[in-house]
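The values are calculated or read from the model by the stated rules, or taken from the named source; none is laboratory data. These figures come from a predicted structure and were not determined experimentally. Quick reminder, even Gly has a Cβ in these numbers, built from the backbone with ideal geometry, and neighbours come from all protein chains shown.
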Amino acid sequence: MKIGIIGAGFTGLSAGYELLKKGHEVSIFERDSHPGGLAIGYKENGWDWTLESFYHHWFTNDYAILNLAKELNYNVITTRPKTSSLIKNKIYQLDSPITLLKFSKLSLAERIRMGSVLAFLRYNPFWKPLESRTTMQFLSHTIGKRAYKILWEPLLKGKFGNYADEISLAWFWARIRKRTTQLSYPEGGFLKFAETLTNKIKTMKGKVFFNVSIERVMEENNKVNLGKFGLFDKVIVTLPGFIFSKIAPQLPENYKVKLTNLKGLGACVLILRLKKQFFSDNTYWLNICNSNSPLLAIVEHTNMISSKYYNNEHIVYLGNYLPPTHPYFYMPEKELLKTFDPLLIELNSNYKNNIIGMRKFTTPFAQPIIPVNYSKMIPPFETPLKNVYLANMQQVYPWDRGTNYAVELGEKVAKLI
Ligand SMILES: Cc1cc2nc3c(=O)[nH]c(=O)nc-3n(C[C@H](O)[C@H](O)[C@H](O)COP(=O)(O)OP(=O)(O)OC[C@H]3O[C@@H](n4cnc5c(N)ncnc54)[C@H](O)[C@@H]3O)c2cc1C
């Protein structure tokens, strides 16, 4: 069959790879000049490795993508970086049962209570009975209001903004169940990995077109018409639902409403290149648990991956999930840094003297909102248009979206076809 795939993120690439293995004729169309989608990266002068525009790592149980790396003979690094939380201007390492037991912000009874609740979530394999409750209801009842307010409420609010109280417990369960203290990372960066997969697809006679934006998907006499790119037997769309509903005018109104009812947030990230380390205690990931913080997380990438691959520069992401109408999306880099400056100075009074450069990246759709009973809202792969399939991160559930699930999604939709 002649199959068209829209998007060369990890869903599109892995679907294409699987379909080529089965002998189909595959063409992938990508709007960007490079593959990787949200995990795309870039390289500054002097860097040996590419860096993701948005911070990325894998958990060591991200089996779908780790198996893909193995199949491609691609080297993966595994490290044990430090994750901490900032609470009332103090940093606490909080990334294991032992560090939770030492967490002095809570009484011993509160720590044991929280530890037991998190252990229940981690070792309970059944998420379905949890999905009708919100994370907020469950946590404030089980771990207690004070502990919830100190640790989890600011994180949920920081990550989901006005949607924080709606987030399903199934999503939180997945975060706790899946997290590993060790993290993995593809040697050379995610862009290099995506390029390796793209090259493999090309050697299998698959076609990958860059700088091509598909503006129309039309059903036509049992085929799918992609305008000047021709007719296909089947087409896979890997874009968010609201974009699919715009480029496929034949979709029925009620289906479009279903797609646009699935909400999401964008991401805005400022990357600092520094001459010196930002967190001298080697923290890789800092969750900011202060309410009204201008930032959700500070991620010092080079506390996970050696700075030697980036010309000995130290790389720090300043990250937020926000609606794409938020002023941060429109602020020039320097102005955005000014907004974060008081917080950054508190953490490292000298950081400004170390700045080599900075870059800002934004994307309008980065994090799906997962309300209660989300399983009933997820659109299937098959769409109302014959031979057109939808496979995107809004179908990833109960797990939090990620490149691992993009690969899984691509493999599943390819199998279905
Ligand atoms: C801030 C942030 C942090 C993250 N952290 C992690 C992490 O640590 N680990 C992890 O595994 N994942 C992480 N993710 C999630 C991960 O990047 C995504 O889940 C995954 O990349 C989604 O892949 P996809 O192929 O489904 O979609 P996308 O990556 O969105 O791919 C869709 C592709 O379609 C292209 N496209 C759009 N419109 C058109 C058009 N009209 N025509 C042609 N092409 C088009 C886009 O350019 C894009 O390349 C993070 C994401 C963000 C934003």
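Side notes on the structure shown:
- Any hit, the range 374-385, residues being surrounded by 20 or more Cβ atoms within 10 Å (Cβ to Cβ), more than 28 Å from Asn45 (Cβ to Cβ) and assigned by TED's automatic domain parsing to the domain that holds Asn225: yes
- Residues in the range 276-285 that are within 19 Å of Glu52 (Cα to Cα) and either within 15 Å of the ligand (Cβ to nearest atom) or part of a loop (DSSP other than H, G, I, E, B) (or both): Gln277, Phe278, Tyr284, Trp285.
- Tabulated pairs, the range 166-177, first modelled with pLDDT of 95 or more, second among the aliphatic types (A, V, I, L, M) and surrounded by 23 or more Cβ atoms within 10 Å (Cβ to Cβ), C-beta under 8 angstrom, 6+ apart or interchain: Ile167/Ile370; Ser168/Ile370; Ala170/Ile370; Trp171/Ile370; Phe172/Leu139
- Selection status of Leu51, under 18 Å from Leu191 (Cβ atoms) and within 16 Å of the ligand (Cβ to nearest atom): yes
Table: residues versus (1) surrounded by 15 or more Cβ atoms within 10 Å (Cβ to Cβ); (2) among the aromatic types (Phe, Trp, Tyr); (3) at pLDDT below 95.
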residue	(1), (2), (3)
Tyr63	no, yes, no
Leu66	yes, no, no
Glu71	no, no, no
Asn75	no, no, no
Thr78	no, no, no
Ser84	yes, no, no
Lys90	no, no, yes
Asp95	yes, no, yes
Leu101	no, no, yes
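- Residues within the range 308-325 that are of a type outside the set (D, E, K, R), away from the ligand (no atom under 13 Å from the Cβ) and touching a residue at least 24 places away in the same chain (Cβ under 8 Å), tallied: 7
- Listed by position, the strands (runs of 3 or more DSSP E) inside the range 1-98 whose residues that are touching a residue at least 60 places away in the same chain (Cβ under 8 Å) and in contact with a Gly (Cβ under 6 Å, 6 or more places away or on another chain) number at least 1 are 2-6, 25-29.
- Extreme residue, nearest to the chain's Cα centre (by Cα), among residues of the range 371-414 that are of a type in the set (S, T, N, Q) and away from the ligand (no atom under 13 Å from the Cβ): Ser375
- Residue within the range 142-160 that is assigned to a strand (DSSP E or B), out of contact with any helix residue (DSSP H, G or I) (no Cβ under 7 Å at 6 or more places or on another chain) and closer than 29 Å to Ile6 by Cβ present: no
- Considering residues of the range 197-217 that are within 16 Å of the ligand (Cβ to nearest atom) and buried (at least 17 other Cβ atoms within 10 Å of the Cβ) only, the residue nearest to Asn404 (Cα to Cα): Leu197
- Residues that are assigned to a helix (DSSP H, G or I) and in contact with an Asp or Glu (Cβ under 9 Å, 6 or more places away or on another chain), drawn from the range 247-270: Ile247
- Thr78 vs. criteria farther than 21 Å from Ile370 by Cα and in contact with a strand residue (DSSP E or B) (Cβ under 6 Å, 6 or more places away or on another chain): yes
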